[in-house]
1. Quick one: in the stretch 71-85, which of the residues that are in a strand (DSSP E or B) and among the charged types (D, E, K, R) is nearest to ARG43 (Cα to Cα)?
2. Which is open to solvent by 30 Å² or more (accessible area, probe 1.4 Å), in contact with a Pro (Cβ under 7 Å, 6 or more places away or on another chain) and assigned to a loop (DSSP other than H, G, I, E, B), of ALA44, ALA27?
3. Looking only at the stretch 19-44, filter to residues that are in contact with a Leu (Cβ under 9 Å, 6 or more places away or on another chain) and among the acidic types (Asp, Glu); which one of those is nearest to PRO6 (Cα to Cα)?
4. With respect to the numbered conditions (1) modelled with pLDDT of 50 or more; (2) more than 25 Å from ASP71 (Cα to Cα), which one is the sole condition not fulfilled by PHE102?
5. So, LEU70, is that one surrounded by 13 or more Cβ atoms within 10 Å (Cβ to Cβ), in contact with a Cys (Cβ under 7 Å, 6 or more places away or on another chain) and under 30 Å from LEU125 (Cα atoms) or not?
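The values are calculated or read from the model by the stated rules, or taken from the named source; none is laboratory data. Values in this document were obtained by computation on a predicted structure and should not be read as measured data. No Cβ is skipped: glycine too gets one built from the backbone with ideal geometry, and neighbour counts run over all protein chains shown. Each accessible area value is taken on the protein alone, full model and side chains, heavy atoms only, with ligands, DNA and RNA left out. Shrake-Rupley method; radii C 1.70, N 1.55, O 1.52, S 1.80 Å.
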Amino acid sequence: MPRSLPLRPGCAYSFLYPRYNYVGLPARTERRRIMVESVRDTRAEPLDETTMSLNPSLRRGRWLVSGIDLDREDTRSFYAESMTDVQPLTEQEREPLRDAEFVVLSSAGRAAFHAGKLSEAIAFLLGRRRGVLCKVLGLGPDRQEERESA
């Protein structure tokens, strides 16, 4: 792995990646976060023929980065050459679903409690003995600011 490639196994990063990584398709990007498990040099370890033939239009590169997608809680792979704005994540930023909001609904269906951490919502729910715990996903920085200013 060359020194210019900033991704290392065991580290977590945020980056912009094309929503659809196909040759000739306009590249609308989205912010992704990954805990890197491996970086594969596809020149030294080529992809098998079946993988290549299943998706011939995929824009591939030399470096295939695999790990846990922190927002989707699943293993994903990304081509390093398609990544832009790569930034290392702090310990706090590594937390899965960091922008999720946990809400306890009363029996009347009203929000009785809001929390940024699951443990706080469960503690409130246990103290009430009634209610339903919900998880609201996908609160990005823009919506987070709106909620804090309200």
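1. ARG76
2. Exactly one of ALA44, ALA27 is open to solvent by 30 Å² or more (accessible area, probe 1.4 Å), in contact with a Pro (Cβ under 7 Å, 6 or more places away or on another chain) and assigned to a loop (DSSP other than H, G, I, E, B), namely ALA27.
3. Per the criteria, the residue is ASP41.
4. (2)
5. Against the criterion (surrounded by 13 or more Cβ atoms within 10 Å (Cβ to Cβ), in contact with a Cys (Cβ under 7 Å, 6 or more places away or on another chain) and under 30 Å from LEU125 (Cα atoms)), LEU70 does not qualify.
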